[in-house]
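Below you'll find the structure, written out as structure tokens, and then a few comments.
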Amino acid sequence: EDQVTQSPEALRLQEGESSSLNCSYTVSGLRGLFWYRQDPGKGPEFLFTLYSAGEEKEKERLKATLTKKESFLHITAPKPEDSATYLCAVQKGAQKLVFGQGTRLTINP
Amino acid sequence: NAGVTQTPKFRVLKTGQSMTLLCAQDMNHEYMYWYRQDPGMGLRLIHYSVGEGTTAKGEVPDGYNVSRLKKQNFLLGLESAAPSQTSVYFCASSYRQGNTEAFFGQGTRLTVV
């Protein structure tokens with residue numbers, strides 16, 4: 001069965017305290033792994049797509065990496081505005097995304 | 001640049017009532033999707049469409065119907081609402097196969113009492 005598991009469920013950091021979020025997956029026929037950011041009361045907003053093991057992408061304080069079984073979202077020197085829920089999703093088949101449950105990140109000033 | 005627009009944003013229904021959620025996108029995207037988001041469950045795909053006039057079942061289709069009569073619109077219908085359908089519903093669209101960066105609407109919070 002296809003599964004996407006994110007850990008931790010929630011993470012509280014101090015401003016400037018770097019950390020990583022994990023997304024592990026068991027999906028046959030993976031065609032891509034996606035990271036989204038979701039703010040309260042809003043829809044998910046696209047961050048990154050990773051297609052193959054070893055691939056890395058960066059955007060401001062965020063860096064996403066991919067292995068054959070998991071992906072990490074590294075957050076370097078976070079700021080309070082980075083507080084959000086981060087969702088991981090894998091694509092399989094015809095345009096279908098399978099989402100993880102998300103990691104709720106809080107950055108305290 | 002409206003992107004993906006959902007209406008309504010909030011709705012309270014009584015058990016057994018029916019309603020239609022409307023999703024409109026102005027990006028000329030071929031693919032459209034309806035998801036529901038529940039605490040601890042993540043986003044789950046209800047139905048999707050790969051083009052005008054087409055629909056397909058997703059992970060949790062029971063109790064829902066959809067229609068894609070126009071390329072820019074994707075409607076989600078609840079014929080007889082149940083409390084288990086209390087959720088936040090998100091519509092999304094994407095451009096082409098192989099690169100499914102999806103654009104999401106702001107969501108519809110539905111409560112069935």
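Grab the strands (runs of 3 or more DSSP E) fully contained in the range A:20-95, keeping just those with 2 or more residues being more than 23 Å from B:Arg36 (Cα to Cα) and under 14 Å from the mean Cα position of the chain (by Cα).
Numbers: elements: A:32-38, A:45-50, A:56-59, A:62-66, A:70-75, A:84-92.
Fully inside the range A:20-95 and qualifying: A:56-59, A:62-66, A:70-75.
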Criterion first (closer than 25 Å to A:Cys88 by Cα, more than 10 Å from every other protein chain (Cβ to nearest Cβ) and either of a type outside the set (Asp, Glu) or touching a residue at least 24 places away in the same chain (Cβ under 8 Å) (or both)) does B:Tyr95 satisfy it? yes
Of the conditions (1) surrounded by 13 or more Cβ atoms within 10 Å (Cβ to Cβ); (2) in contact (Cβ under 8 Å) with a residue 60 or more places away in the chain, A:Pro8 satisfies every one except a single condition; which number is it? (1)
Of (1) within 14 Å of chain B (Cβ to nearest Cβ); (2) farther than 21 Å from A:Ser7 by Cβ, A:Lys79 satisfies every one except (1)
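So for the range A:76-97 (the condition being touching a Pro at 6+ places or on another chain (Cβ under 6 Å), at pLDDT 95 or above, farther than 29 Å from B:Gly58 by Cα and surrounded by fewer than 16 Cβ atoms within 10 Å (Cβ to Cβ)), does at least one residue qualify? Steps first, please.
Of all residues in the range A:76-97, those touching a Pro at 6+ places or on another chain (Cβ under 6 Å) come to A:80, A:87.
Now drop any that are not at pLDDT 95 or above, which leaves A:80, A:87.
If we keep only those that are farther than 29 Å from B:Gly58 by Cα too, we end up with A:80.
Filter again for surrounded by fewer than 16 Cβ atoms within 10 Å (Cβ to Cβ), leaving A:80.
Checked the range A:76-97: at least one residue is touching a Pro at 6+ places or on another chain (Cβ under 6 Å), at pLDDT 95 or above, farther than 29 Å from B:Gly58 by Cα and surrounded by fewer than 16 Cβ atoms within 10 Å (Cβ to Cβ).
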Taking the range B:59-81 and the residues there that are out of contact with any strand residue (DSSP E or B) (no Cβ under 6 Å at 6 or more places or on another chain) and at pLDDT 95 or above, the one that is nearest to the other protein chains (Cβ to nearest Cβ) would be B:Lys71
Note: among A:Gly102, A:Gly16, A:Gly29, A:Gly43, just one is touching a strand residue (DSSP E or B) at 6+ places or on another chain (Cβ under 7 Å), over 24 Å from B:Phe90 (Cα atoms) and not β-branched (Val, Ile, Thr), namely A:Gly29
Being more than 9 Å from every other protein chain (Cβ to nearest Cβ), part of a loop (DSSP other than H, G, I, E, B) and touching a Leu at 6+ places or on another chain (Cβ under 9 Å) is the filter here, so list the residues in the range B:5-58 that pass it. B:Pro8, B:Gln17, B:Ser18, B:Glu52, B:Gly53
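Taking the condition of being of a type in the set (A, V, I, L, M, F, W, C) and under 18 Å from A:Glu45 (Cα atoms), how many residues in the range B:1-37 meet it? Steps first, please.
Step one: filter the range B:1-37 for residues of a type in the set (A, V, I, L, M, F, W, C), giving B:2, B:4, B:10, B:12-13, B:19, B:21-24, B:27, B:32, B:34.
Remaining after also requiring under 18 Å from A:Glu45 (Cα atoms): B:2, B:4, B:23-24, B:27, B:32, B:34.
The number of residues fulfilling the criteria is 7.
The values are calculated or read from the model by the stated rules, or taken from the named source; none is laboratory data. Everything numeric in this text was worked out from a predicted model, so none of it was measured. Note that each Cβ is placed from the backbone with ideal geometry, even for glycine, and that neighbours are counted across all protein chains shown.
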